[in-house]
Amino acid sequence: MKRLYGLVSFIVFWYLISLVTKAVIPYPHDVIRSFLTLYPKELHIHTLASSRRLIIGLIISVVLGVHLGIWLGLSKKAEALLQPLIYILYPIPKAALLPIFIILFGIGDLTKIILIVVIVIFPIIINIKDAIQAIPNEYFYVARSLNLSKSQMYKDMIIPAILPKLFTTLRISIGIAIAVLYLSENFATFEGLGYYITIYMTNKLKLFCGILALSLVGYILFLIVEFLEKKLCKWV
Amino acid sequence: MIEIRNLSFNYEDSEETLKNINLSINKHEKVSIIGKSGCGKTTLLLLLAGIYKPTSGEIYINDKLLTNVRKETGIIFQSGGLFPWKTVYQNLSLAIKSNNSNITKTEMNEKIDNVLRELDIYEHKHKYLKELSGGQIQRVAIERILVMNVDLLLMDEPSSSLDALTKDAFQNTMLELYKKHDLTSIIITHDIEEAVYLGQKIIVMKDGYIHSIIDNEFYGDKDAKKTIQFYEKCIEVRKHLE
């Protein structure tokens, strides 16, 4: 029900903006009608290409970021060694490196996925490291006193303890990844919603259909994360 | 049961937290340790648990040099030390499995059900900690110790987050369990009355030393708890603390 209220409010807001801007922003009904026609014809190819890059990029970022974050959070040596490097690399505008990535990794999906990974991985590493360091010492003492093995310690303590923070980070990362994807799909590709939106800059309806498709991809990913969070973090 | 010889400990890059501790605790004895914050009480408890290693000196438990954590030592922390992402059942089964990896599921369930009934919280078996009160969480923490068949119980300010009435109930539950299971137990507390009520021996710590060891005749005496003599004992302990 809450979702329905949210959707209705969004559409009403969209109508208001369209009215105020004197249809510079097209009306929702026009966009939705065009979207339903365009999706099976041409939009689905671009949506699938973008979704593929986005999901692969996010999965790699999470797997690498969580491992590195745990390592940094648990090992003082790793923290001393890698934290300065992370803090130096994090603020660099990685999008500016796109031409270099194209030279290094070609014009295929790899470049776009790598760009997503190098941007999204930093907040994941930092947040997971913080989540590890926020686990009360008491839990580590309990794990020691219960003589938990290393694998039990990860399964029964560390992973569950960082899950809520991981899901929050994932939600933020989805937004960042979509922004990065849009940018990367403006170069050296003929597939992807970023490409679609850019080539139809002068066609209002197609432009907004592309934006709507990208929003829907993000929305579906948010729903998946929310579902997993509800399933895995019942205790929060 | 416990023999501590010339025990000293310091954390990395800091001065000595515990200085030349010598102490004997008999089997089945109930000991309270009291002292101001930062005097080294919790550090001593973690050393006794085998979680920390002494900088110098030795700890013997049942005539064996303590070199690691023991299966037979249980710890209860201030917040219970239970994992909030596990239900009551999952917390207890983790403790049982860590103590006895060969146990069958049926045996484990039976064991869990028995202790849950003993402490009257069977209906909370599948609840997460957020659904329990502070007193109930501490009871689950006690249960975790009971299912592990320990002979030494270490408690670090277990009642400090409880309100006055729940604290009374917790102390009485502890006394009942002491009678039933006859463990050797060490409780760290800031509360002088609790130290007197739950300790046959009261150890006063100051700045990393054992300042004094006071014999206590009021241990577990519910009736004495409201008498002048009980409070005189509390004043005596307080004087040692000052």
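Hull volume per residue, based on the alpha-carbon atoms of chain B and their convex hull, is 128 Å³. For the stretch B:82-150, the Cβ-based charge dipole about the Cα centre amounts to some 240 debye (Lys, Arg positive; Asp, Glu negative; other atoms uncharged).
How large is the accessible surface per residue of the stretch B:82-150, computed with a 1.4 Å probe and reported in Å² as a whole number?
Ligands and nucleic acids excluded, the result is 43 Å² per residue.
Computed over protein heavy atoms with a 1.4 angstrom probe, the accessible surface ordering of B:Ser24, A:Ser51, largest first, is B:Ser24, A:Ser51. Once C-alpha pairs closer than 8 Å and six or more residues apart are averaged by separation and normalised to the residue number of the stretch A:1-147, the relative contact order reads 29 percent.
Rounded to two decimals, the Cα-based Rg/Rh of the stretch B:82-150, with Kirkwood Rh, is 0.93. In this structure, the residue pairs whose Cα-Cα separation is over 19 Å, taken from A:Lys76/B:Lys86; A:Lys150/B:Lys130; B:Lys86/B:Lys130; A:Lys150/B:Lys71, are A:Lys76/B:Lys86; A:Lys150/B:Lys130. For chain A, the Cβ-based charge dipole about the Cα centre amounts to some 300 debye (Lys, Arg positive; Asp, Glu negative; other atoms uncharged).
With only Cα atoms counted, the stretch A:141-236 has Rg and Dmax values of 20.1, 66 Å.
Ranking B:Tyr89, A:Tyr27 by solvent-accessible area of protein heavy atoms (1.4 Å probe, all protein chains present), from largest to smallest, gives A:Tyr27, B:Tyr89. From the residues B:Trp85, B:Ile103, B:Val140, which one has its Cα farthest along the dipole of the stretch B:82-150 in the positive direction, the dipole being from +1 and -1 charges on Cβ of Lys/Arg and Asp/Glu about the Cα centre? About the Cα centre, the residue reaching furthest to the positive side is B:Trp85. I'd like the accessible area for B:His240: 1.4 Å probe, protein heavy atoms, all chains in place, Å² to the nearest 10. For B:His240, the solvent-accessible surface is approximately 50 Å². Per-residue ellipticity at 222 nm computed for chain A from its helices equals -26000 deg cm²/dmol, with DSSP H segments shorter than 4 residues left out and the rest contributing -39,500 (n - 2.57). Straight-line cross-link reach from B:Lys53 at under 14 Å between alpha-carbon atoms covers these aspartates and glutamates, not counting any fewer than eight positions away in the same chain: B:Glu12, B:Glu16. Shown in residue order for the stretch A:177-190 are the 3J(HN,Hα) couplings computed by the Karplus curve 6.51 cos²θ - 1.76 cosθ + 1.60 at θ = phi - 60°: 4, 5, 4, 5, 4, 4, 4, 5, 7, 8, 10, 6, 7, 10 Hz (x for Gly and Pro). Computed on protein heavy atoms with a 1.4 Å probe, the accessible areas place A:Arg171, A:Arg3, A:Arg53 in the order A:Arg3, A:Arg171, A:Arg53, largest first.
How much net charge surrounds B:Leu162 when only the other residues with a Cβ under 13 Å from the Cβ of B:Leu162 are counted, with Lys and Arg +1 and Asp and Glu -1? Numbers along the way, then the final one.
Working: positive: B:Arg139, B:Lys167; negative: B:Glu157, B:Asp163, B:Asp168, B:Asp191, B:Glu194.
So the environment of B:Leu162 carries a net charge of -3.
Scattering from the C-alpha atoms of chain A alone, worked out with Debye: what is log10 I(q)/I(0) at q = 0.12, 0.15 1/Å? Evaluating at q = 0.12, 0.15 Å⁻¹ gives log10 I(q)/I(0) of -0.80, -1.08. Dividing the helix sum by the residues of chain B, where each DSSP H run of 4 or more adds -39500 (n - 2.57), gives a mean residue ellipticity at 222 nm of -11500 deg cm²/dmol.
When both bridge partners sit in the protein assembly as shown, DSSP labels roughly 50% of those beta bridges antiparallel.
Roughly how tilted is helix B:134-147, in degrees to the nearest 10 and between 0 and 90, from the longest Cα axis of chain B? The two axes meet at around 80 degrees.
With a cut-off of 9 Å between beta carbons, the residues surrounding B:Met205 carry a summed charge of +2, where Lys and Arg count +1 and Asp and Glu -1.
Need one number: the % of Cα-Cα pairs in the stretch A:1-53 sitting beyond the 14 Å mark. Result: 66 percent of Cα pairs exceed 14 Å.
Using every pair of separate Cα atoms, the Kirkwood estimate puts the hydrodynamic radius of the protein assembly as shown at 26.7 angstrom.
The values are calculated or read from the model by the stated rules, or taken from the named source; none is laboratory data. Just so it is clear, the model here is predicted, and its values are computed rather than measured. Don't worry about glycine lacking a Cβ; one is built from the backbone with ideal geometry, like all the others, and counts go over all protein chains shown. For the accessible areas, the whole protein counts, side chains as well, though only heavy atoms, and no ligand, DNA or RNA atoms are used. Shrake-Rupley method; radii C 1.70, N 1.55, O 1.52, S 1.80 Å.
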